[in-house]
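The values are calculated or read from the model by the stated rules, or taken from the named source; none is laboratory data. This structure is a prediction, so every number in the text was calculated from the model and none was measured. Here the Cβ positions follow ideal geometry from the backbone for every residue, glycine too, while neighbour counts run over all protein chains shown. With ligands, DNA and RNA removed, areas are computed over all heavy atoms of the protein, side chains included. Shrake-Rupley method; radii C 1.70, N 1.55, O 1.52, S 1.80 Å.
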Amino acid sequence: MSVSQIQLLNVSAPSVYTEYSFLIPAGSIELSLQLRPTGTPANLFWYTAPSGSASPGTAANLPATYMTVPAGSARSILGKLGSQTIYFQVDQPGQVLEFDYHADT
């Protein structure tokens with residue numbers, strides 16, 4: 001019998017409006033994402049297909065469809081996930097995106 005344990009992962013996002021990504025491991029349950037609190041609050045913009053933009057470093061680098069997690073907030077995605085990639089950008093430098101999810105071990 002397997003046991004569902006919380007898994008943690010941090011992804012550094014040092015530059016603004018630069019595309020970063022995270023591959024959701026197969027069998028992940030209840031994914032949550034938030035930016036680690038810093039001295040400068042930042043917004044998180046996330047989406048599930050790469051932007052493909054040729055102009056990194058500006059707000060125009062965001063794709064047409066994205067979700068926003070306002071500074072100081074978190075987002076949870078309920079249900080079983082796996083093998084999807086989440087892409088994200090931030091609007092303040094020096095951020096760290098914290099992911100947590102449950103996984104059978």
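At-a-glance table
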{"quantity": "For the chain, accessible area per residue (1.4 Å probe, heavy atoms of protein chains only), Å²", "calculated": "55"}
{"quantity": "Surrounding net charge for I6, when Lys and Arg each add one and Asp and Glu each subtract one, Cβ distance under 14 Å", "calculated": "-4"}
{"quantity": "Inter-site label distance for V96 and N10 at 7 Å from Cα along Cβ, in nm", "calculated": "0.1"}
{"quantity": "Sites A74 and L23 - FRET efficiency at Förster radius 30 Å, r taken between beta-carbons, to 0.05", "calculated": "0.90"}
{"quantity": "Percent carbon-and-sulfur accessible area, the chain, ignoring ligands, DNA and RNA, probe 1.4 Å", "calculated": "55"}
{"quantity": "Whole-number percent relative contact order across the chain, with pairs defined as alpha carbons under 8 Å at least 6 apart", "calculated": "53"}
{"quantity": "Mean separation of Cα contacts under 8 Å (6+ apart) over length of segment 43-96, as relative contact order %", "calculated": "53"}
{"quantity": "Of all DSSP beta bridges in the chain, antiparallel share, percent nearest 5", "calculated": "100"}
